[in-house]
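Let me begin by presenting the structure, written as structure tokens, before commenting on it.
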Amino acid sequence: MAMKHYLQFTDLGTDEYAYIFERAALIKKKFKAYEKHHTLADRTLAMIFEKASTRTRVSFEAGMYQLGGSVVHLTTGDSQLGRAEPIDDSAKVISRMVDLVMIRTFGQDKIELFAEHSRVPVINGLTNEFHPCQILADIFTYIEHRGSIAGKTVAWVGDGNNMANTWLQAAELLGFTVHVSTPGGYEVDQAVAGIRSGDSYKVFKNPMDACRGADLVTTDVWTSMGYEAENEARRLAFADWCVDTEMMSAAKADALFMHCLPAHRGEEVEADVIDGPQSVVWDEAENRMHVQKALMEYLLLGKL
Ligand code: CP
Ligand code: NVA
């Protein structure tokens, strides 16, 4: 298989997603049964974090060890990345010593430049524009609870951010619809989201309307990492974009609630919703590890 990077959701096709979801289910089952699954023995993953993380760090690190491999953890502060070593030089050096690289950084252009100069596959662990590993986990979680997501409706309530962009890419590829409701000034931008047409999403001014009839309601923080200077303006603008029980009751009776976490109860979501019976946020978080194990295995070994 030619080397593949996973920089955005559209980097894989529908048949590859079908394989990864199936493989993740097997890997999860074996993990729960304490069965060894050492398909990446002696392989090394470098994890580069230029932003904070709990889930991404733990899921990649624990996941790689469980596959029989090992990890190297780098941050901006403790590597030459923070002292302006060029990204292309860093990519050339790091990728000569490891088998796989995961990067969490700011602009998508940085991860693209790294990938261009990398000898090994590069995985996007979140950029300002995209968070493909999270949507991979979210869709796997949806499938576990409700079956195929094709033809379903996902309501996105909140910021037109990296999560929203990735949902739009996934909808176009996997054949579902996203109802998007953001405050004015925080809309999704089709060009940034990198989707071909507007056919797979609909925009709603009122978040209640976006939730009406949805199979899944999802949201994210009002202020993403890197945008902290806009905190106050965002608090005012997003006040009506809090997923509450009223919005959940506008959705289908069996609708799920998802949030990539970390969450701010009382801001983008009410505690009654995120801690309520429709919420699957803990499964979503756990599934990061299972789907990423399947993804790493696929990028290094192809279909097994
Ligand atoms: N959802 C997610 O990526 O969480 P972390 O920021 O903790 O990695
Ligand atoms: N949109 C959020 C997601 C955090 C996992 C951020 O980029 O900070």
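By what distance, in whole Å, do the Cα atoms of the stretch 228-288 stretch along each of the three principal axes, largest value first?
Between the extreme Cα coordinates on each principal axis of the stretch 228-288 lie 36, 28, 15 Å.
May I have the convex hull volume per residue, in Å³, for the Cα set of the stretch 50-180?
Numbers: hull volume 16.8 nm³, N = 131.
Expressed per residue, the convex hull around the Cα atoms of the stretch 50-180 is 128 Å³.
Taking only the alpha carbons of the stretch 111-153, what extent do you get along each of the three principal axes, in Å, biggest first?
Here the spans come out as 40, 21, 15 Å, largest first.
What is the fewest-to-most order of 298, 19 by other Cβ atoms lying within 10 Å of their Cβ?
Working: 298 21, 19 17.
Fewest-to-most ranking of 298, 19: 19, 298.
In µm²/s, what is D for the stretch 104-197 at 10 °C and 1.306 mPa s, where D = kT/(6 pi eta Rh) by Stokes-Einstein and Rh is the Kirkwood radius from Cα pairs? Numbers along the way, then the final one.
Details: Rh = 14.2 Å.
Rounded to a whole number, D works out at 112 µm²/s.
Computed over the Cα atoms of the stretch 160-260, what is the convex hull's projected area averaged over all directions, in nm²?
The orientation-averaged projected area of the Cα hull of the stretch 160-260 comes to 6.4 nm².
If only Cα atoms are counted, what is the Rg of the stretch 1-113, and what is its Dmax, in Å?
Rg and Dmax of the stretch 1-113, Cα atoms, are 15.4, 45 Å.
Mind pulling the angle between the C-alpha long axis of helix 55-66 and the longest principal axis of the chain? Nearest 10 degrees, somewhere in 0 to 90.
40
Please give the helix 162-174 orientation as an angle from the longest Cα principal axis of the chain, in degrees from 0 to 90, rounded to the nearest 10.
Helix 162-174 and the main axis of the chain meet at about 90 degrees.
So what is the relative contact order of the chain, in percent, for Cα pairs below 8 Å that sit 6 or more residues apart?
On the way: 578 pairs, mean separation 58.7, N = 304.
About 19 percent, as a whole number.
Multiplying the sequence separation of residue 18 and residue 145 by 0.36 nm and subtracting their Cα-Cα distance, what value in nm do you get? Don't skip to the end; give the middle numbers.
Numbers: separation 127, 0.36 × 127 = 45.72 nm, distance 1.62 nm.
Additional length available on full extension: 44.1 nm.
Per the Kirkwood definition applied to all pairs of different Cα atoms, how many angstroms is the hydrodynamic radius of the stretch 68-127? Can you show the working numbers first?
Details: mean 1/r = 0.0853 Å⁻¹.
Mean inverse Cα-Cα distance, inverted, gives 11.7 Å.
Mean residue ellipticity at 222 nm from the helices of the chain, using -39,500 (n - 2.57) per DSSP H segment of n ≥ 4 over the full residue count, to the nearest 500 deg cm²/dmol? Intermediate results must be reported in sequence, preceding the final value.
On the way: 12 runs with 123 residues, N = 304.
After summing the helix terms and dividing by residue count, I get -12000 deg cm²/dmol.
Per residue and in Å³, how big is the convex hull formed by the alpha-carbon atoms of the chain? Could the numbers behind the result be given before it?
Details: hull volume 38.5 nm³, N = 304.
Residue-normalised Cα hull volume stands at 127 Å³.
Read-outs throughout are calculated quantities, based only on the coordinates presented, and are distinct from any laboratory measurement. Computed from a predicted model, the values in this text were never measured in an experiment. Don't worry about glycine lacking a Cβ; one is built from the backbone with ideal geometry, like all the others, and counts go over all protein chains shown.
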